[in-house]
Amino acid sequence: MTEPLLDVRDLRVSLRRSGREVSVVDGVSLAIAPGEFVGLVGESGCGKSMTAFGLVNLFPTPAAHLAGGTVTFHGGRRLDGLPPAAMRRIRGAEIGMVFQDPNTYLDPLLPIGHQIAEALREHDFAGDVDARVLELLTLMEIPDPALAVRRFPHELSGGQRQRALIAAALAMNPKLLIADEPTTALDVTIQAAILDLLRRLRRQLGIGVLLITHDLGVIAETCDRVYVMYAGRIVESNTTASLFATPRHPYSQGLIKATLRPDRREALFSIPGQVPSPDSPPAGCRFHPRCPIAIAKCMGQSPELVSYDSGSVACHRAHDPAARTTWSASAA
Amino acid sequence: MTGLALAPRNTLWSRLRRRPGATLAMAAIAISVLVAIAAPLLALRDPFSGSAASLLPPLSPGHPLGTDHLGRDLWSQLVYGARVSLAVGILAAASAVLIGTAIGAIAGYVGGVLDNALMRLAEFFQTLPRFVLAIVTIAFFGSSVLHVIIVIAILSWPQTARLVRAGVITLRSAAFVEAARLGGKSDTAIVVREILPNVIAPIVVTGSLDVAAAILLEAGLGFFGLGDPNLVSWGGMLNQAQQYLRQAWWMSVFPGLAITVVVLAFNLLGDALNDALNPRLRDAP
Amino acid sequence: MGPHELALLTLRRLVAAIPLVIGVVVVNFTLIQLAPGDPTTALIGDYPAPPGYVEQVRAEFGLDRPIPEQLGRYLWQVGHGNLGYSFAHRKDVGELILERLPATLRLMLTALAIAIVLGVGLGILAARRRDSPLDHGTRLFSMTGYSVPEFWLGQILILVFALGLDLLPSQGARSLRAPPEGFAAFLDGLRYLALPAFALSLRYIALISRITRASLLEVMNADYILASRARGARERTVLLAHALRNAAPPIVTAIAYDFGFVLAGSALIETVFGWPGIGRLLFESITRRDYPVMTAILLFVSLGVVLANLIADLFHAALDPRVRRP
Ligand SMILES: Nc1ncnc2c1ncn2[C@@H]1O[C@H](COP(=O)(O)OP(=O)(O)OP(=O)(O)O)[C@@H](O)[C@H]1O
Ligand code: SF4
Ligand SMILES: [Mg+2]
C-alpha cells in the first residue's frame with residue numbers, strides 16, 4: 001500500500017462505568033488507502049461504532065474517551081490529540097459520517113436542506129450554499145430537489161432520510177466517509193439502493209469508505225478489503241475475495257457460515273453463545289468460550305495478529321489444517 | 001409483593017442519607033414538627049396577650065425576637081404559628097394524596113369512559129388558578145383552618161391522580177396481579193394490596209412537594225387576611241408586618257424565614273426522594 | 001406555517017378551550033350557590049345596594065327558579081358580559097377590571113421577560129457545566145427561589161432597597177410628579193417596576209432554569225446532536241440551532257402551566273407594593289366583601305391561564321412541523 005488515507009495504530013477507547021474504566025476498543029489497527037472501500041464487521045457490541053467514533057474523537061456519551069493509539073490522516077496529520085477546534089474543522093469537511101438510524105440522526109424540527117447546508121456553513125463554504133445543496137440532493141438521486149430542501153424529516157421516507165444524511169456528510173467533499181451500519185434500519189430493497197448509491201459515489205468522487213456492518217453479505221457486495229472485529233479487537237483482515245474463499249479465524253468462518261444461505265432449505269446457522277461484556281473479557285483468546293477448536297493455550301495466551309499472504313489473523317491454530325472447517329464438525 | 005416493597009425502601013433510606021441536602025431537610029422538618037408539638041413549652045408567653053412594650057427590637061429582655069405593634073411576643077407567635085403551617089401543610093397534602101390516589105386508582109383500574117372523564121376533570125382542575133380560587137372560596141365560606149385544608153386538598157389532588165393512574169395502568173396486567181385475580185381476590189383488594197404498594201414511590205415524592213406547596217398557599221391566604229382569626233399563623237404575621245415595615249423589620253424577617261426554611265425542607269426532601277427513586281438519573285455520567 | 005394554517009389551528013384550539021371556560025363559569029356558579037347566606041349577597045356584595053337593583057338581579061338571574069335554570073341564566077348573563085356592579089367602587093365590574101388590567105399585565109410581562117432571560121440562561125449554564133459547583137449552586141438557588149414566599153421576598157426587597165438603601169420606590173406604579181409621557185416617564189415607570197417585577201420573577205426563574213437544564217440535558221443525548229457535531233458544527237450552532245429549539249417545548253409548557261401561579265403571585269406582590277392592578281383589586285374586594293369583583297377576577301385569571309396554554313400550543317405548532325397537521 002502506498003501512502004494510506006487513514007492509518008490507525010493500536011487505537012484504544014474506554015468507557016467510565018460506575019467509577020471504573022472499561023475498555024471497549026482494545027488496540028485496533030487498520031488502514032484505508034485513498035479511494036478504497038473497507039469493511040469492518042462483527043457482531044453487535046463488538047466495539048465497531050466506538051472504533052469509528054474514536055477515529056474522529058467524538059463520542060455519543062461523555063463517558064467514552066480515547067485511551068491510546070495513533071490516528072494518522074491524509075498528509076501525515078495526526079488526529080489523536082488534536083485540539084477540539086482543529087478536530088472540528090476535520091469532521092464533516094474531510095471526514096464525513098453516516099449513521100445507522102436516519103430517523104433519529106436528523107433534527108425533526110429543521111428542514112433537511114437546512115441540515116445539509118449546516119455542513120457547508122459551519123466550514124465556511126466559499127461557493128453558493130443553496131446551489132450546492134441542490135447539487136447534492138441531485139447527486140443523491142432525491143426526486144424534486146427544489147421541493148425536497150424544504151421538507152421536514154417526517155415528510156420523507158427512510159431511504160430518503162438516509163440519502164439526506166449522506167448528502168450532508170459529503171457536502172464538503174470529504175476524502176473519507178465513515179458509514180456506521182447505514183442500511184441496518186432500512187427495508188431490504190432500500191438497503192440495496194443505498195449500497196448502490198455508496199458504490200457509485202465512491203467511483204464518482206474517489207472517496208475512501210469505511211463501512212461498518214454486522215452483515216458480511218453487505219461486505220461481499222461492496223468492499224475491497226475487510227476487517228473482522230471481535231470483543232474490541234481485530235481478529236482477521238484480508239481482501240474480501242480471500243476472506244470469503246479462505247477464512248482463517250474460526251470467528252470469520254462462523255460469520256460467513258451465518259451469512260451464506262444456500263438455496264436448499266437449511267436451518268440458519270448462528271454462532272452459539274454471545275459477545276462477552278467488555279466489563280469482564282475472557283482471558284487469553286477472547287473467542288475461546290465460543291470456539292469449537294479451542295486448545296489449552298487459547299485460554300492462557302492472547303494470540304497476536306500475524307500477517308500472511310494478503311491478510312492477517314489472530315488465532316493460535318490459524319495454520320492448522322484442521323482449523324479450516326471449524327464449524328462443519330460441530331455445527332448443529 | 002409487600003416483601004419486595006420493603007427492600008427498595010431500605011436502600012432508599014441509605015441513598016437518602018448519603019445526600020447532605022436530604023439529611024438537612026429531614027432534620028429541619030423534624031425540628032419544626034417538634035417545635036409545633038412543644039409550642040406551649042417553648043413559648044415564653046401567650047402569643048395573643050399584648051403589652052405596652054410594643055415594637056421592641058429583637059434581643060430585648062424577655063423578647064428574643066422582639067414584639068409586634070400590640071406588644072405581643074414575636075417568638076411565642078412564631079412557635080405557635082408553626083402549628084398552623086405544619087398542620088395545614090401536612091393535612092392538606094395528605095388529603096390531596098388520598099383523594100388523588102382514590103381517583104387515580106379508579107381511573108386506571110376501571111379505564112374506559114370513566115377514566116377519560118376523571119382525567120378530563122383532573123386536567124380542568126390543573127388549569128384552575130389555585131390561589132385565586134382558594135381566596136374566593138375562603139372569602140365566601142369564611143376562614144377557618146378546616147376550610148383552608150379542605151380547599152387546598154380539593155385543588156391539589158390531580159398530580160397524584162395522574163401518577164397513580166399511570167402506575168395502575170402499567171401494573172394492571174402484570175403477572176402478579178393476574179395471579180391475584182385468578183386467586184379470586186376482589187378488585188378493591190387487588191388495587192389496595194397488590195398494585196398501590198408498588199406505586200407508593202412517586203406518591204411519596206408528590207406528597208412531599210404538596211406539603212411545601214400547601215404551606216406556601218396557606219401563607220398567602222394568611223397574608224391576604226384570610227387565615228383563621230383565632231390562631232396565629234406565619235402568613236398572618238406577615239400581613240401585620242406589611243403595615244409596620246418602616247418601624248419593625250423583625251416582624252417581617254422572622255416569619256418569612258420560618259416559612260422559607262420549612263417549605264425549602266419539604267421541597268428538598270421531595271427532590272432528594274425523586275433522585276433516590278430514579279436510578280436512571282442518579283447513575284447518569 | 002402559513003397564515004391560513006395558523007388561523008385554522010388557532011380556531012381549533014379556541015373551540016377546544018370552550019368547555020374549559022364554561023367549566024370555570026360553572027365553578028363560579030357553584031361557589032355562589034354553595035356560599036352560606038343569600039345568593040344575592042354573593043352576586044351583589046356586602047355593600048348597601050338600592051332595593052330596586054336587588055330585585056333586578058333576582059329577576060335577571062332567576063333566583064326563584066330551579067337550579068338548572070339558574071345555571072343557564074348565569075351562563076347567559078356572564079356570556080353577555082354582565083359581570084355585575086361594584087357598589088364599593090360605584091362601577092361596572094367588567095369596566096373596573098379592564099381599567100386595572102394594564103398595570104397587572106405590565107408587571108407580569110416584565111417579570112416573565114426577566115424570568116425567561118435569566119432562567120434560560122442559568123439553565124444553559126447549569127446543563128453545560130453539569131455537576132460543577134455552578135450546577136449545584138444553580139440547583140440550590142432555584143430550590144430556594146421556589147420555596148420563598150414571593151410576598152415576603154417583596155417585603156425584604158422593600159426593607160433593603162427602599163427603606164435601607166433608599167435606592168428605589170416601594171409603593172405605587174409611578175411618582176406623583178412624573179411627566180405624563182416620554183422617556184423620563186418610562187424611566188420613572190421602570191424604577192417603580194424594578195422591585196415588584198424582580199420579586200415576582202424569582203419563582204419563575206427558578207422553575208424555568210430547572211426545566212431548561214433538564215430538557216437540555218435530555219436533548220443533548222439525542223442522535224441528531226451527535227450528527228450535527230459529526231458534521232463539524234460549532235458548539236454554539238449545536239446549542240442554538242438544535243439543542244435549544246428541541247428543548248423549548250417542555251419549557252414553554254411549564255411557563256404556560258405555571259401562569260396561574262404567577263397571576264396569583266402577582267396578586268400578592270401588588271398588595272405588597274401598592275401596585276394598582278387586579279391583584280390589589282382582589283385584596284381590596286376581600287376586605288370590602290365585594291363578591292362580584294372576586295368572582296369576576298377568578299374568571300379573568302382563569303381565562304388568562306387558558307389563553308397562556310393556547311399561546312403555548314401555537315408556539316409548539318410554530319416550532320414543530322409534526323404538531324401542525326391541520
Ligand atoms: N452510549 C453508550 N453508553 C454506554 N455504553 C455504550 C454506549 N454505546 C456503546 N456502549 C458500549 O460499548 C461497547 C461497544 O459498543 P459499540 O456500539 O461500539 O458496538 P457495535 O459493535 O457498534 O455494536 P452494534 O452493532 O450494536 O452497533 C458495548 O459494550 C456497549 O455496551
Ligand atoms: S485462538 Fe484458540 S480459541 Fe481463539 S479462535 Fe483460535 S483456536 Fe479458537
Ligand atoms: Mg454500532
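The values are calculated or read from the model by the stated rules, or taken from the named source; none is laboratory data. Just so we're clear, the structure is a prediction, and the values are computed from it rather than from any experiment. Cβ atoms come from the backbone with ideal geometry, glycine included; neighbour counts cover every protein chain shown. Quick note on the areas: whole protein, heavy atoms, side chains included, nothing else; ligands and nucleic acids left out. Shrake-Rupley method; radii C 1.70, N 1.55, O 1.52, S 1.80 Å.
With a sphere of radius 14 Å drawn around the Cβ of C:F186, what net charge do the other residues whose Cβ falls strictly inside it have (Lys, Arg +1; Asp, Glu -1)? Intermediate results must be reported in sequence, preceding the final value.
On the way: positive: C:R106, C:R174, C:R191; negative: C:E181, C:D188.
Surrounding charge for C:F186 is +1.
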Percent of beta bridges antiparallel (DSSP, the protein assembly as shown, rounded to nearest 5): 65 percent
Net charge, B:D73 excluded, C-beta distance under 12 Å - Lys, Arg +1, Asp, Glu -1: 0
Segments B:178-186, A:111-119 sorted - mean Cβ within 10 Å per residue, highest first: A:111-119, B:178-186
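To the nearest 100 Å², how much accessible surface do chains A and C hide from each other in total, with a 1.4 Å probe?
Values: alone 15260 and 17790 Å², together 30790 Å².
The buried area between A and C, both sides summed, comes to about 2300 Å².
Plugging the Kirkwood radius over Cα pairs into Stokes-Einstein for region A:248-331, at a temperature of 37 °C and a viscosity of 0.692 mPa s, what D comes out in µm²/s? Walk me through the intermediate numbers first.
Working: Rh = 13.9 Å.
Once the numbers are plugged in, D ends up at 236 µm²/s.
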Heavy-atom accessible area, 1.4 Å probe, ligands and nucleic acids excluded: residues of region A:65-91 down by at least 40 Å² from chain alone: A:R88
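At the nearest 100 Å², what buried accessible area, both sides summed, do you get for C and B when the probe is 1.4 Å? Could the numbers behind the result be given before it?
Numbers: alone 17790 and 14440 Å², together 28210 Å².
Interface area, both chains combined: 4000 Å², rounded to the nearest 100.
Show me A:43-50, C:297-304 ranked by packing, highest mean number of other Cβ atoms within 10 Å first. Write down the numbers at each step before the final one.
Details: A:43-50: 20.5, C:297-304: 22.5.
Ranked by mean Cβ neighbours within 10 Å, highest first: C:297-304, A:43-50.
Considering only protein heavy atoms, what per residue accessible area in square angstrom results for region A:248-331 with a 1.4 angstrom probe?
58 Å²
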Long-range Cα-Cα pairs in chain C (distance over 38 Å), rounded percent: 29 percent
Positive-end extreme of charge dipole, chain B - chosen from B:I149, B:L41, B:A122 (charges on Cβ): B:A122
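Rounded to two decimals, what is Rg over Rh for region B:73-277 when you use alpha-carbon atoms and the Kirkwood radius?
Values: Rg = 19.8 Å, Rh = 18.4 Å.
Answer for region B:73-277: 1.08.
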Restricting region A:200-279 to GluC sites (Glu not before Pro) in coil, as DSSP defines it, with at most 11 other Cβ within 10 Å: A:E266
Long-range Cα-Cα pairs in region C:18-128 (distance over 21 Å), rounded percent: 53 percent
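Just reorder C:L157, A:L147 by solvent-accessible area, largest first, 1.4 Å probe, all chains present. Numbers along the way, then the final one.
Working: C:L157 15, A:L147 80 Å².
Solvent-accessible surface, decreasing: A:L147, C:L157.
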About the Cα centre, charge dipole magnitude for region A:109-172 (Lys/Arg +1, Asp/Glu -1 at Cβ), debye: 200 debye
Within the accessible area of region A:109-172 (1.4 Å probe), percent carbon and sulfur: 53 percent
Positive-end extreme of charge dipole, region A:109-172 - chosen from A:V129, A:L110, A:S157 (charges on Cβ): A:S157
Net charge contributed by nearby residues that have their C-beta within less than 10 Å of A:Q100 (K/R +1, D/E -1): -4
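In terms of solvent-accessible area of protein heavy atoms at a 1.4 angstrom probe, what is the ranking of A:T326, C:T144, highest value first? Walk me through the numbers on the way to the answer.
Values: A:T326 5, C:T144 45 Å².
My answer, sorted largest first, is C:T144, A:T326.
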Rounded to 10°, Cα long-axis angle of helix A:112-122 versus longest principal axis of chain A: 90 degrees
Distance between region A:24-84 and region C:5-83 - C-alpha centres, whole angstrom: 71 Å
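Could you tell me which helices of chain B pass both thresholds, a Cα extent of 24 Å or more along their own axis and a mean Kyte-Doolittle hydropathy of at least 1.0, with helices taken as whole DSSP H runs?
Numbers: long enough: B:20-37 (26 Å, 2.15); B:74-110 (53 Å, 1.56); B:200-223 (34 Å, 1.74); B:249-277 (41 Å, 1.35).
Helices meeting the span and hydropathy rule in chain B are B:20-37, B:74-110, B:200-223, B:249-277.
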Residues with amide H under 5 Å from that of A:A64, placed H, sequence gap 5 or more: A:R16
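For region C:87-193, which trypsin sites (Lys or Arg not before Pro) pass both filters: DSSP loop (anything but H, G, I, E, B) and at most 14 other C-beta atoms within 10 Å?
Details: sites: C:R90, C:K91, C:R100, C:R106, C:R128, C:R129, C:R130, C:R139, C:R174, C:R177, C:R191; in loops: C:R90, C:R129, C:R130, C:R174, C:R177.
Listed in order of number, the matching sites are C:R90, C:R129, C:R177.
Kirkwood hydrodynamic radius of region A:36-182 from all distinct Cα pairs, in Å?
Numbers: mean 1/r = 0.0615 Å⁻¹.
Hydrodynamic radius (Kirkwood, Cα pairs) of region A:36-182 is 16.3 Å.
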Within 10 Å of each Cβ in B:210-222, the average number of Cβ atoms from other chains: 2
Ranking by accessible area, most exposed first, for A:T61, A:T183 with a 1.4 Å probe: A:T61, A:T183
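Ignoring everything except DSSP H segments at least 4 long, calculate the 222 nm mean residue ellipticity for the protein assembly as shown; use -39,500 (n - 2.57) per segment, divide by total residues, nearest 500.
Details: 38 runs with 546 residues, N = 943.
After summing the helix terms and dividing by the residues of the protein assembly as shown, the value is -19000 deg cm²/dmol.
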Within the accessible area of region B:73-277 (1.4 Å probe), percent carbon and sulfur: 66 percent
Folded to 0 to 90 degrees: helix A:129-139 orientation relative to chain A principal axis, Cα: 50 degrees
Cα convex hull volume per residue for region A:153-238 (Å³): 113 Å³
In degrees, nearest ten, helix A:158-170 long axis to first principal axis of chain A (Cα): 80 degrees
For A:A33, distant residues with modelled amide H under 5 Å away: A:L5
List of region A:146-186 residues, accessible area with partners at least 30 Å² below that of the chain alone (1.4 Å probe): A:F152, A:H154
Heavy-atom surface of chain B, accessible at 1.4 Å and reported per residue (Å²): 44 Å²
At least 50 Å² of accessible area lost relative to the chain alone, listed for region B:227-263 with a 1.4 Å probe: B:Q242, B:L245, B:T260
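Give me the percent of the accessible area of chain C that comes from carbon and sulfur atoms, probe 1.4 Å, all protein chains in place.
Values: 9630 of 14590 Å².
The nonpolar share, carbon plus sulfur, comes to 66 percent.
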Kirkwood-type radius of the protein assembly as shown, with distances r between different C-alpha atoms, in Å: 32.8 Å
Alpha-carbon centroids, region A:205-235 and region A:288-306: separation in whole Å: 24 Å
Residue-normalised accessible area of region A:109-172, given per residue in Å² at a 1.4 Å probe: 39 Å²
